[in-house]
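Here's the structure, in structure tokens; my notes come after.
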């Protein structure tokens, strides 16, 4: 017998329950990139593409002492910048993105990181995920940060069926509590790393297992054993 789809209001109620439980399970919810101010977060998020936050934090500890404003990145020899960020991987393309982005900050925004999503998306190496991180952390604007953890967990929870980040963001905007979009996004990262992993989710240890349809699926039962 086919299951009855939950109403939008019921989905919203379930989403808020998920958030409250995850917030209790991970009381230290936060952005795990180290930064002081929008420029440092912008650079850190560019470096974090296909790299762990932990490794980025190691690199930026010295990087942010050496490069303090957009002009510092623009004026540095590109080979030197590449070496400074090499441990983050894809250092040539990331160095180009950083230099081009900082040049645009100088030319278009008086050297200041802008505070709207449209302006942020005009910068090299900045997609909606990066823009929402910056808006949420530095400008007090709630945003949904769709990364691999967010995608995986919300597909399992049944809050979205999509794989496209823009479509996922739209789906989650309908059901997640709007006053906690940013913190909910951080909860996805913490939970995805600790419990709801890609290959072997620990469903028996999950604080929201009873709210999640994934363990009741054939695949979920097999993995949870």
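The values are calculated or read from the model by the stated rules, or taken from the named source; none is laboratory data. These numbers come from a predicted model, not from an experiment. Don't worry about glycine lacking a Cβ; one is built from the backbone with ideal geometry, like all the others, and counts go over all protein chains shown.
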Qualifying positions in region 105-116 - part of a helix (DSSP H, G or I) and buried (at least 17 other Cβ atoms within 10 Å of the Cβ): 105
Out of (1) touching a residue at least 60 places away in the same chain (Cβ under 8 Å); (2) under 29 Å from residue 195 (Cβ atoms); (3) within 22 Å of the chain's Cα centre (by Cα), the odd one out for residue 8 is which? (3)
Do you know which residues across region 29-57 are part of a loop (DSSP other than H, G, I, E, B), closer than 21 Å to residue 187 by Cβ and in contact (Cβ under 8 Å) with a residue 12 or more places away in the chain? 29, 30, 31, 32, 33, 34, 35, 48
With in a helix (DSSP H, G or I) and within 19 Å of residue 32 (Cβ to Cβ) as the only criterion, which of 133, 146, 99 stands out? 133
Residues that are farther than 28 Å from residue 192 by Cα, modelled with pLDDT of 95 or more and not assigned by TED's automatic domain parsing to the domain that holds residue 174: does region 44-57 have at least one? no
(1) at pLDDT 95 or above; (2) crowded, with 16+ Cβ neighbours inside 10 Å; (3) in a helix (DSSP H, G or I) all hold for residue 166 apart from (2)
When region 91-104 is examined, which residues are found to be surrounded by 15 or more Cβ atoms within 10 Å (Cβ to Cβ) and without any contact (Cβ under 8 Å) to a residue 24 or more places away in the chain? 91, 95, 104
